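Since the structure comes first, as structure tokens, the remarks are kept for the end.
The values are calculated or read from the model by the stated rules, or taken from the named source; none is laboratory data. No experiment lies behind these values; they were computed from the predicted model shown. We place every Cβ from the backbone using ideal geometry, glycine too, and count neighbours over all the protein chains shown. Only protein heavy atoms, including side chains, enter the accessible area calculation; ligands, DNA and RNA are left aside. Shrake-Rupley method; radii C 1.70, N 1.55, O 1.52, S 1.80 Å.
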Amino acid sequence: MSRILITSGPTRQYLDPVRYLTNASSGRMGAALAEAAIDLGHEVVIISGPVAIDYPSAAQVIPILTTDEMLDAATATFADCEGAIGAAAPCDYMPKRVATEKISKTGDPISIELIETPDVVAMLGQIKKPGQWVVGFALETEDQRFRATVKLQKKHCDLIVSNGPTAIDSDDNSVELLGPGGRVIESISGNKSHVANRLLSQFDALLIRKT
Ligand code: C5P
């Protein structure tokens, strides 16, 4: 039995006390992966942004709001985990300055300067120790396999799951599991539970330590 960290759902980046940037990630892929990992006897810690779904009751859930909070929780939790699966869709940009009071309308256009948030999976890929593994997801609209392979290398992932935009907020998914150099290990389509079970059985065969 291994302890596995799963990041899941969206993050939020506040512009002012009431408005924020986010995306439509539902957390369903993370929940399906958690269920599949628990079914295989693993212990699961989920670090999740705000979602409307329920995670398996056997999983420990650490709720966070921002990408920075996800990064802090993930780096702290990863230390006692064998592997991490980055199924979250963290907000990639945050405002350079967060207004402390609600931004008032003036009738004129406004500009908000955005800066990049930290990349959680890339950080886990950077800090992983021998024996630890990291699996990323890559969501692309174009050149999916090539771009996913670039991310696998750049973020020091062991494997990457390439999927398209139809994955967002859907019950179904169609993915390619890619290994080093972009080698296609398996193409999987179906509901997220089926996709997650196939992925976990590949992670079990290829990554998870047998003790
Ligand atoms: O957004 P992108 O396609 O680069 O995401 C690829 C992988 O990196 C996913 O596993 C996602 O969870 C992760 N990611 C992250 N932190 C970010 C952006 C993406 O962990 N700020």
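Just name the residue that is modelled with the lowest pLDDT out of those in region 8-59 that are within 21 Å of Asn163 (Cβ to Cβ), part of a loop (DSSP other than H, G, I, E, B) and not small (Gly, Ala, Ser).
Filtering first and then ranking leaves Asn23.
Looking at Arg12, Arg28, can you tell me which residue is charged (D, E, K, R), open to solvent by less than 60 Å² (accessible area, probe 1.4 Å) and either within 16 Å of the ligand (Cβ to nearest atom) or over 24 Å from Gln132 (Cα atoms) (or both)? Steps first, answer last, please.
Working: Arg28 fails: open to solvent by less than 60 Å² (accessible area, probe 1.4 Å).
Just a single option satisfies the conditions, and that option is Arg12.
If I ask for residues that are out of contact with any Gly (no Cβ under 9 Å at 6 or more places or on another chain), touching a residue at least 24 places away in the same chain (Cβ under 8 Å), surrounded by fewer than 18 Cβ atoms within 10 Å (Cβ to Cβ) and in a strand (DSSP E or B), which ones from region 171-190 would you list?
Selection gives Val184 alone.
Identify the single condition in (1) open to solvent by less than 60 Å² (accessible area, probe 1.4 Å); (2) in a loop (DSSP other than H, G, I, E, B); (3) more than 18 Å from Met29 (Cβ to Cβ) that Lys210 does not satisfy, given that it satisfies every other one.
Only one criterion in (1) open to solvent by less than 60 Å² (accessible area, probe 1.4 Å); (2) in a loop (DSSP other than H, G, I, E, B); (3) more than 18 Å from Met29 (Cβ to Cβ) is unmet by Lys210, namely (1).
Based on this model, can you work out whether Thr106 counts as farther than 20 Å from Ile208 by Cβ, open to solvent by 30 Å² or more (accessible area, probe 1.4 Å) and not in a helix (DSSP H, G or I)?
yes
Of everything in region 60-76, what is assigned to a loop (DSSP other than H, G, I, E, B) and either within 26 Å of Arg209 (Cβ to Cβ) or of a type in the set (A, V, I, L, M, F, W, C) (or both)? Give them in sequence order.
Here is the first cut: in region 60-76, the residues assigned to a loop (DSSP other than H, G, I, E, B) are 64-66.
Within region 60-76, Ile64, Leu65 qualify.
Quick test of your reading of the structure: Thr149 fulfils all but one of (1) of a type in the set (S, T, N, Q); (2) outside any loop (DSSP other than H, G, I, E, B); (3) open to solvent by 80 Å² or more (accessible area, probe 1.4 Å); (4) out of contact with any His (no Cβ under 7 Å at 6 or more places or on another chain). Name the failing condition by number.
For Thr149, the failing item is (3).
Quick check on Leu65: is it more than 22 Å from Asp158 (Cβ to Cβ) and touching a strand residue (DSSP E or B) at 6+ places or on another chain (Cβ under 7 Å)?
No, not satisfied.
Within region 66-124, can you find the residues that are touching a helix residue (DSSP H, G or I) at 6+ places or on another chain (Cβ under 8 Å) and either more than 19 Å from Gly27 (Cα to Cα) or more than 12 Å from the ligand (Cβ to nearest atom) (or both)?
Correct list: Thr75, Phe78, Gly83, Met94, Thr117, Pro118, Ala122, Met123, Leu124.
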